[in-house]
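**Q** I have a structure here, written as structure tokens, and I will follow up with some questions on it.
The values are calculated or read from the model by the stated rules, or taken from the named source; none is laboratory data. Just so we're clear, the structure is a prediction, and the values are computed from it rather than from any experiment. Backbone-built Cβ (ideal geometry, glycine too); neighbour counts: all protein chains shown.
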Amino acid sequence: MYYRKTNILGTIDWLIILLYIVLVSAGWLSICGASYEYDNVSLFNPSGRPGSQLIWIGLSFLIIFVILMLDADFYSVFSYFIYGGVILLLIATIFLAPDIKGSRSWLVIGSLRIQPAEFAKFATALALAKFMSSYGFKLGTFKNFGLCLGIIFFPMLCILLQKETGSALVYLAFFLVLYREGMSGYILLAGISAVVFFVVSLKYSDVMAGITPLGELLVLCLIQAGILLLTAIVVRQRTNLQTKILLGGTATVYLAAYIVSLFIPVNFALVTRGLIGISCCYLIFLSVKQWMGHYVMIVLFALLSVGFLYSVDYVFDEVLEPHQQMRIKVSLGLEDDPSGAGYNVNQSIIAIGSGGLTGKGFLNGTQTKLKYVPEQDTDFIFCTVGEEQGFAGSTAVLLLFTVLIIRLIMLSEKQKTIFGRIYGYCVASIFFFHLLINIGMVIGITPVIGIPLPFFSYGGSSLWGFTILLFVFLRIDATRKER
């Protein structure tokens with residue numbers, strides 16, 4: 001034990017340490033730029049946000065020291081206890097947290113505010129890695145897959161009850177880990193398809209092509225295309241007669257419908273719906289004839305996709321809150337609300353665009369200094385990077401995060417234990433999801449759901465949560481080189 005601990009500096013991955021220091025330093029400078037006020041030039045005053053963040057950064061290094069000094073087996077042995085403790089904290093938060101900006105996600109202890117949802121990520125990653133690395137585990141069994149979903153969805157549900165939709169959606173990143181560990185591609189395809197169908201259906205919901213609802217037609221065509229593609233994949237090592245029959249039948253039906261439309265109006269959405277039904281019947285016939293379960297999976301994909309299509313309106317109107325509906329409409333270009341839901345994004349784009357190639361310089365941004373961008377030092381911190389450091393600085397930040405994620409994946413593949421590999425992929429997936437959604441939100445290509453940019457957004461809970469998440473993996477990885 002003594003030998004291992006005194007040689008931790010020789011076994012830890014220093015590239016990730018360097019990336020961490022650079023990202024945290026750049027994040028602090030960005031917070032300085034976003035929080036700077038002309039009548040208060042002190043950046044080290046503890047009462048100000050830059051000063052507070054500096055204190056949290058200092059405490060982060062203390063947390064790092066504790067993490068690295070603990071034996072790597074500690075995180076595996078106590079993973080379920082850590083997960084259970086965080087779950088209890090999440091449940092307590094639902095009932096004890098005050099209402100802050102419409103959500104109950106912050107526990108207030110005197111002048112200290114803690115957001116347990118930020119720490120639930122690493123706890124969930126530990127529990128998932130522990131369960132999936134247990135002896136004899138097979139993800140393909142219904143029981144094991146269901147328990148994995150339970151580990152992921154339970155904290156997600158608790159966070160949703162706190163009305164923190166953005167933080168809850170981060171848990172979808174764990175599906176990338178499940179896919180890496182053998183989850184069926186059908187499930188991942190279903191998730192991606194659901195997002196595409198939801199967006200296309202809403203985007204063109206009010207557009208008509210004659211008597212054909214364009215949104216419904218486009219989604220149904222995508223479903224039929226999915227049937228053809230999946231069938232082609234299934235029969236690629238056998239005869240491709242089945243694919244030819246489906247493709248020929250599809251072409252024939254559409255051609256016939258087009259000819260009829262020259263004389264009378266035709267609802268092509270109804271035609272495509274019928275075509276999907278015929279294709280499903282044919283695939284069921286093939287599954288019985290050839291005794292192949294893959295055809296049944298394709299049919300289930302088609303039927304669930306159609307059901308999802310006709311539930312989009314209900315989900316959008318009845319499940320989502322009015323402000324969430326407006327944010328999605330603004331992101332899809334269905335509403336123009338520059339002074340309301342679209343204000344944050346519009347001002348953020350203006351700030352980033354005004355930075356040009358090289359930016360206006362540190363503390364010289366006008367949009368951020370004059371506080372035009374709401375939440376510019378938290379969720380929209382990247383607009384400060386764009387305005388002060390320009391395209392060059394923004395690209396550098398994205399490259400640093402990209403190198404970090406790639407390095408995490410590389411180290412995950414080198415792990416000697418299944419526990420280490422799965423936890424490493426959890427870390428990489430969470431960072432990837434945060435980066436993708438936060439940057440997309442700031443530049444207006446994803447809805448505003450309110451999740452922080454790792455190491456940049458102001459806040460002790462966010463900084464500590466990502467620090468623990470990352471350095472627990474570094475401690476686990478360090479065991480590869482220990483003697």
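**Q** For region 415-449, which residues satisfy the criterion of being of a type outside the set (G, A, S) and closer than 20 Å to F131 by Cα? Steps first, answer last, please.
**A** Looking only at region 415-449, we keep the residues that are of a type outside the set (G, A, S), and these are 415-419, 421-423, 425-427, 430-439, 441-443, 445-449.
Across region 415-449, the qualifying residues are Q415, K416, T417, I418, F419, R421, I422, Y423, Y425, C426, V427, I430.
**Q** For region 63-70, check the following and say yes or no: at least one residue is over 20 Å from D477 (Cβ atoms) and either surrounded by 13 or more Cβ atoms within 10 Å (Cβ to Cβ) or touching a residue at least 60 places away in the same chain (Cβ under 8 Å) (or both).
**A** no
**Q** Identify, please: which residue in region 200-221 is among the hydrophobic types (A, V, I, L, M, F, W, C) and surrounded by fewer than 16 Cβ atoms within 10 Å (Cβ to Cβ) and is, among those, nearest to L139 (Cα to Cα)?
**A** That would be V207.
**Q** Taking the stated definitions as given, is T446 surrounded by fewer than 23 Cβ atoms within 10 Å (Cβ to Cβ), at pLDDT below 90 and polar (S, T, N, Q)?
**A** Considered against the rule, which asks whether it is surrounded by fewer than 23 Cβ atoms within 10 Å (Cβ to Cβ), at pLDDT below 90 and polar (S, T, N, Q), T446 comes out as yes.
**Q** Further question: With the structure loaded, tell me whether I100 is of a type in the set (A, V, I, L, M, F, W, C) and modelled with pLDDT of 90 or more or whether it fails that test.
**A** When the stated conditions are applied, I100 does not pass them.
**Q** Find the helices (runs of 4 or more DSSP H) located wholly in region 1-66 whose residues include 3 or more that are modelled with pLDDT of 80 or more and out of contact with any Cys (no Cβ under 8 Å at 6 or more places or on another chain), and list them. Write out each step before concluding.
**A** On the way: elements: 2-6, 8-11, 14-35.
Fully inside region 1-66 and qualifying: 14-35.
**Q** Which ones in region 107-156 are in contact (Cβ under 8 Å) with a residue 24 or more places away in the chain, under 30 Å from G48 (Cβ atoms) and not polar (S, T, N, Q)?
**A** R113, I114, P116, A117, E118, F119, A120, K121, F122
**Q** Of the numbered conditions (1) assigned to a helix (DSSP H, G or I); (2) touching a residue at least 24 places away in the same chain (Cβ under 8 Å), V266 satisfies every one except a single condition; which is it?
**A** Single failed check for V266: (1).
**Q** I've got another one for you. Give me a count of the residues in region 303-328 that are charged (D, E, K, R) and in contact (Cβ under 8 Å) with a residue 12 or more places away in the chain.
**A** Within region 303-328, the first condition is being charged (D, E, K, R), and the residues that meet it are 313, 317-318, 321, 327.
Those left that are additionally in contact (Cβ under 8 Å) with a residue 12 or more places away in the chain: 313, 327.
Here the count works out to 2.
**Q** Related question: Restricting attention to region 460-480, does a residue exist that is in contact (Cβ under 8 Å) with a residue 40 or more places away in the chain, surrounded by 19 or more Cβ atoms within 10 Å (Cβ to Cβ) and assigned to a loop (DSSP other than H, G, I, E, B)?
**A** Scanning region 460-480 turns up no residue that is in contact (Cβ under 8 Å) with a residue 40 or more places away in the chain, surrounded by 19 or more Cβ atoms within 10 Å (Cβ to Cβ) and assigned to a loop (DSSP other than H, G, I, E, B).
**Q** Which residue is nearest to K121 (Cα to Cα), if the candidates are limited to region 157-199 and must be surrounded by 21 or more Cβ atoms within 10 Å (Cβ to Cβ) and without any contact (Cβ under 8 Å) to a residue 60 or more places away in the chain?
**A** For region 157-199, the residue satisfying everything is Y171.
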